[in-house]
Amino acid sequence: MPTLVLQPGALIFVTGVNGLIGSHIADQLLARGYNVRGAVRDVEKSAWLSDYFTGKHTAAHFELVSVPDMTIEGCYDAVVKDCAGFIHVASPLTGQDPQETIPQAISGGVNALKSSAKTPSIQRVVFTSSSIAATFPKPNTPFSINETSYNEDALQWGWNHPADQPADLKGLFIYAATKTATEKALWGWVRENKPGFVFNSVLPNANFGAVLVPEKQGFPSTIEWCHYVWTGENFDLMTKRIGPQWFIDPVDDALLHIGALIYSDVQNERLFGFAERFTWNDVLAVFRKIAPARAFPDDVEGLGRDMCEVPNQRAEEVLGWVKGSGWKGLEKSLREMVPAFEKVGGK
Ligand SMILES: *[C@@H]1O[C@H](CO)[C@@H](O)[C@H](O)[C@H]1NC(C)=O
């Protein structure tokens, strides 16, 4: 077991703390005795988060601070005071305008690094990237990715939507370009400026699993895809647009961030959060087991399968240090997701 760099009791700064991954990161840090200062755009709108964590965790402290605009240089300077680590999860809301979204994401990330470099107490910075910063899923195509892979297609397609691609993929392409360009920019900044902190990134694929506070968070991020399978709403279009790829449980995802944050061994690494391959028919099969009386769409013909080889063993090793075991599997994660659908449901 490698050495802990950051001990329980340390204060960790987490941006985007109200989202799916950010909230699980805070929850898992607090459970391990780390204090968390979480940033959101609007503290009043996210007050439920303070209530939730304060009620749940008594051994560690959670506080919420407001950073309304992460593109303003120095926006994090005052709020990271006394922090030992910085986990940058926040992404700008993806609009349909790459000129706006992509530069916003890059400057948010670079501002996180600049403030951390000015704050000597910060020893570790972790960035939430995405599988899509390394590659788009390419069903039925054998290929491999590694630590040097970036999604060059995304940089093209995000800035200039290709005429032969469906218009409704524009948002996804901009998101992919955002993650690719930001992760590249952050590694470039670290190489150039040689800050006093250690930097790592995490590249999770689709997150399926428990939503921490579904009454407030709804079906955030990629949880929504599974909700389409659960209700049948938007199912045909979604299964056409979102192909077979990999999944990760959001708690495992959070624990990977924590491993990258606290362990001495993890330095200058990109951790691939790819737990298990899935197709929509796999998700349907689990849902039919969970809710045998419920009507679901039929299996989709010709979905193909993912054939991407990815060096995810290192991430699973780091995960093992934090949780004592490996990836949570698809069936268990989906079982833990369904209560959110039943609680907030609608249909
Ligand atoms: C990573 O992938 C690239 C492109 O496929 C390949 O050229 C390179 O040899 C690979 N590097 C390692 C360390 O496997």
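The values are calculated or read from the model by the stated rules, or taken from the named source; none is laboratory data. None of the values given here were measured: they were computed from a predicted structure. Neighbour counts are summed over all protein chains in view; Cβ atoms, including those assigned to glycine, are modelled from backbone coordinates with ideal geometry. Areas reflect the complete protein model, heavy atoms only, side chains present, ligands, DNA and RNA absent. Shrake-Rupley method; radii C 1.70, N 1.55, O 1.52, S 1.80 Å.
Here is how the numbers come out for the structure above:
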read-out: Peptides 238-247, 176-185 ordered by average Cβ neighbours within 10 Å, highest first; value: 176-185, 238-247
read-out: The stretch 52-96-the stretch 302-317 distance, computed between alpha-carbon centres (Å); value: 31
read-out: Top positive-direction residue, dipole computed over the stretch 187-339 with Cβ charges, set N234, N207, G188; value: G188
read-out: At 1.306 mPa s and 10 °C, Stokes D of the stretch 11-343 from Kirkwood alpha-carbon radius, µm² per second; value: 79
read-out: Paramagnetic label zone (point 7 Å from Cα along Cα-to-C-beta, K118; backbone N under 20 Å) in the stretch 171-197; value: 186-187, 189-197
read-out: Beta bridges per DSSP with both ends in the stretch 11-343, % antiparallel, nearest 5; value: 10
read-out: Karplus (6.51, -1.76, 1.60) ³J(HN,Hα), θ = phi - 60°, over the stretch 21-28, in Hz, Gly and Pro reported as x; value: 6, x, 5, 5, 4, 4, 4, 6
read-out: Nonlocal amide H pairs with G273, under 5 Å, H built at 1.01 Å; value: L203, N205
read-out: Extension reserve of the S264-N160 stretch, reckoned as 0.36 nm per residue once the Cα distance is removed; value: 33.3 nm
read-out: Y263 long-range amide H proximity, modeled H, under 5 Å; value: V5
read-out: Long-range HN-HN contacts of F13 with modeled amide H, under 5 Å; value: R37, A84, G85, F86, I87
read-out: Label-point gap, in nm, between R294 and V344 - each point 7 angstrom along Cα→Cβ; value: 1.4
read-out: Area of I106 that stays accessible when all protein chains are in place (1.4 Å probe, Å², to 10); value: 50
read-out: Most positive-pole-ward Cα, S50, I132, S333, against dipole of the stretch 11-343 from beta carbon charges; value: S50
read-out: Anchor K81: lysines whose Cα lies under 22 Å away (excluding residues fewer than 8 positions away in-chain); value: K114, K118, K194
read-out: The stretch 142-229: mean projected area of Cα convex hull, nm²; value: 9.0
read-out: Rounded Å value of the spacing that divides the Cα centres of the stretch 1-36 and the stretch 151-228; value: 21
read-out: At q = 0.10, 0.21 Å⁻¹, base-10 log of I(q)/I(0) for the stretch 61-173 (Debye sum, equal scatterers on each alpha carbon); value: -0.40, -1.18
read-out: The stretch 11-343, accessible surface, carbon-and-sulfur percent (1.4 angstrom probe); value: 49
read-out: Surface per residue (accessible, 1.4 Å probe) for the chain, Å²; value: 41
